[in-house]
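Structure provided below as structure tokens; questions to follow.
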Amino acid sequence: MRVIGLMSGTSYDAIDAAAAGLSLVGDSVVLEPLGMVSAPYDEELREALAAALPPAATTLAEVCRLDTLIGQAFAAAAVRANGELCDGRAELVASHGQTVYHWVADGAVHGTLQLGQPAWIAEATGLPVVADFRPRDIAAGGQGAPLVSLVDLLWLRGRSGTPVALNLGGIANLTAPDGTAFDTGPACALIDGAARGFSGGRLAYDAEGALAARGTVHEPLLQRLSGEPYYALPAPKTTGKELFHLGYLQDALAGLGTLPAEDVIATLTLLTARTVADAVRSVAATEVVVSGGGIRNPVLMALLAAELPGVPLRTSDELGLPSAAKEAYAFAVLGFLTAHGLPGTVPTSTGARHPSMLGSLTPGRRGLRLPPAAERGPVRLVLG
């Protein structure tokens with residue numbers, strides 16, 4: 001089955017569309033990467049999305065407008081991926097959508113909201129769409145994240161030692177071989193927010209860590225930020241830009257005087273490296289396989305390596321899974337599992353009461369013609 005996975009992460013800078021050939025062979029799900037296309041949000045939509053995200057106030061009218069516009073943008077990416085990567089022969093689309101709110105209170109997740117109406121994708125492609133992956137796990141008592149944990153566990157099974165999958169997006173998350181999985185805290189979220197804030201919106205992120213490289217860590221700010229209670233919470237746990245946003249940083253800067261942008265960003269980069277390293281050490285990792293946009297920041301990667309002496313850092317590319325497309329491929333797999341009547345969660349990763357089959361299905365032009373339900377789920381993922 002050819003499946004297109006659509007993903008836009010917490011950095012909300014672009015939509016990634018990865019195409020995969022997927023099949024069930026014995027006890028394995030076989031993934032043949034067919035490539036990825038990436039479509040940046042147009043500037044007007046990106047600004048509207050940024051203006052509506054917490055802690056900003058918004059209206060139901062704006063939520064409706066964003067749901068439509070994001071759905072149309074995802075639809076365009078899916079059409080392009082089908083044409084360029086699948087020769088027009090894709091059979092299913094799996095769309096994560098754009099997370100705009102993750103409702104966390106008193107250590108529990110009560111709800112989540114991803115925008116990007118899947119009807120636009122189904123209409124544009126003619127294909128059935130699996131979307132809205134996270135709520136089912138939350139309804140079963142889970143965190144609804146990190147959902148890539150099942151794919152990580154299948155993929156890294158059999159490697160020696162304690163290999164850990166680490167994603168450095170807006171938020172960092174990891175998966176350990178025993179099923180422990182959680183958001184460690186910010187990866188690029190605060191760094192990106194500082195870059196935009198200090199540049200008046202001219203910079204979207206710290207390209208190649210250039211600002212951090214010119215800065216000096218401000219110890220009082222680092223100590224203040226390191227005291228965030230989230231870091232001490234036990235797994236499973238999830239977070240997002242509801243907590244780690246520009247306003248959060250501005251509150252932390254209060255009373256510290258005027259600091260150069262480079263020093264603030266250097267401090268935030270070290271904060272990310274240290275909190276991620278603390279999380280990696282907590283699961284006794286012997287190897288870290290890294291993906292996500294953060295790997296393009298050499299300063300962050302160097303600091304992370306320094307915080308984890310003796311623990312090899314490898315990109316997912318080295319193991320055959322393109323790091324830029326890993327999460328889009330992961331949701332392609334999750335959509336494929338749903339189409340085959342199989343669960344897409346690991347309770348030890350999300351804290352749910354039981355595994356759940358994920359997502360809601362929107363029919364394509366030919367209705368829902370799903371494959372026969374599989375008798376059992378895979379125990380490993382093999383790259384074809």
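The values are calculated or read from the model by the stated rules, or taken from the named source; none is laboratory data. Note that the structure is a prediction, hence the values are computed from the model and not measured. Virtual Cβ from ideal backbone geometry, glycine too; neighbours counted across all protein chains shown. These area figures cover heavy atoms from the full protein model, side chains too; ligands, DNA and RNA do not enter into them. Shrake-Rupley method; radii C 1.70, N 1.55, O 1.52, S 1.80 Å.
What's the number of the only condition in (1) within 17 Å of PRO378 (Cβ to Cβ); (2) touching a strand residue (DSSP E or B) at 6+ places or on another chain (Cβ under 8 Å); (3) modelled with pLDDT of 95 or more that PHE133 fails to meet?
So PHE133 meets the others, but not (1).
If you don't mind, there's one more thing I want to ask. Quick check on THR348: is it over 30 Å from ARG369 (Cβ atoms) and modelled with pLDDT under 95? If you could, list the steps in order and put the result at the bottom.
Values: over 30 Å from ARG369 (Cβ atoms): yes; modelled with pLDDT under 95: yes.
In short, yes.
Something else now. Has segment 355-378 got at least one residue that is within 20 Å of ALA131 (Cα to Cα), touching an Asp or Glu at 6+ places or on another chain (Cβ under 8 Å) and surrounded by fewer than 19 Cβ atoms within 10 Å (Cβ to Cβ)?
Within segment 355-378, one or more residues are within 20 Å of ALA131 (Cα to Cα), touching an Asp or Glu at 6+ places or on another chain (Cβ under 8 Å) and surrounded by fewer than 19 Cβ atoms within 10 Å (Cβ to Cβ).
If a residue counts only when it is aromatic (Phe, Trp, Tyr) and touching a residue at least 12 places away in the same chain (Cβ under 8 Å), which helices (runs of 4 or more DSSP H) contained entirely in segment 98-194 have at least 1 such residues?
By residue number, 118-125, 149-156.
Could you list, in sequence order, all residues of segment 47-66 that are open to solvent by 30 Å² or more (accessible area, probe 1.4 Å) and either closer than 27 Å to GLU84 by Cα or not in a helix (DSSP H, G or I) (or both)?
Initial filter on segment 47-66 (open to solvent by 30 Å² or more (accessible area, probe 1.4 Å)): 47, 50-51, 54-65.
Within segment 47-66, PRO54, PRO55, ALA56, ALA57, THR58, THR59 meet the criteria.
Going residue by residue through segment 251-269, is there one that turns out to be closer than 27 Å to HIS96 by Cβ and open to solvent by 10 Å² or more (accessible area, probe 1.4 Å)?
No: segment 251-269 contains no residue that is closer than 27 Å to HIS96 by Cβ and open to solvent by 10 Å² or more (accessible area, probe 1.4 Å).
Among the numbered conditions (1) on the phi < 0 side of the Ramachandran plot; (2) in contact (Cβ under 8 Å) with a residue 60 or more places away in the chain; (3) among the small types (Gly, Ala, Ser), tell me where GLY377 comes up short.
(2)
Can you pull out every residue in segment 337-360 that is within 21 Å of the chain's Cα centre (by Cα) and hydrophobic (A, V, I, L, M, F, W, C)?
So the first thing to find is which residues in segment 337-360 are within 21 Å of the chain's Cα centre (by Cα), and the list is 337-338, 343-352, 355-360.
Residues satisfying the conditions are LEU337, VAL346, ALA352, MET357, LEU358.
Quick test of your reading of the structure: THR216 fulfils all but one of (1) in contact (Cβ under 8 Å) with a residue 60 or more places away in the chain; (2) among the polar types (S, T, N, Q); (3) in a loop (DSSP other than H, G, I, E, B). Name the failing condition by number.
For THR216, the failing item is (1).
Is one or more of the residues making up segment 206-227 in contact with a strand residue (DSSP E or B) (Cβ under 7 Å, 6 or more places away or on another chain), closer than 20 Å to ILE171 by Cα and open to solvent by 20 Å² or more (accessible area, probe 1.4 Å)? Break it down stepwise before answering.
Keep residues of segment 206-227 that are in contact with a strand residue (DSSP E or B) (Cβ under 7 Å, 6 or more places away or on another chain), which gives none.
No.
Right, another one. For GLY83, all conditions in the list (1) part of a helix (DSSP H, G or I); (2) in contact (Cβ under 8 Å) with a residue 60 or more places away in the chain hold save one; what is the number of the exception?
(2)
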